[in-house]
Amino acid sequence: LPVSAAGIFQSNLGGEQRDEYASQANQAQFERDLGASVIDEIALYASRQQASLDKALSVLGATH
C-alpha cells in the first residue's frame, strides 16, 4: 500500500484520534521502520501515465 493509504485509515478515526495521528505522521520514520524507502506514488503514476500516452501516440503515428 502507498503511504497515502494511511490517510484512508486515519479518516475513519474520530476527531481527537485523527488529530493525534496527523501530528505524529512521519514518512522518514515509517521508512526506517519498514526498512525500505517508499516510492512517491504521485511521481510513479505521472510517469506511467506519460509512458502510456507516449506509447499510444507512437502506435497511432501521432506526436504531441
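Laboratory data are not the source of any read-out in this text; all were calculated from the coordinates shown. Given the structure is predicted, the values throughout are model-derived calculations rather than measurements. A quick note on method: Cβ atoms are made from the backbone with ideal geometry, for glycine too, and the neighbour counts reach across all protein chains shown.
Would you mind counting up the charge near A46? Only other residues with Cβ under 14 Å from its Cβ, with Lys and Arg at +1 and Asp and Glu at -1.
Details: positive: R48; negative: D40, E41, D54.
Local charge sum for A46: -2.
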Across segment 52-62, in residue order, what do the Karplus-derived ³J(HN,Hα) couplings come to in whole Hz, using 6.51 cos²θ - 1.76 cosθ + 1.60 with θ = phi - 60° and x for Gly and Pro? 5, 5, 4, 5, 4, 5, 5, 4, 7, x, 9
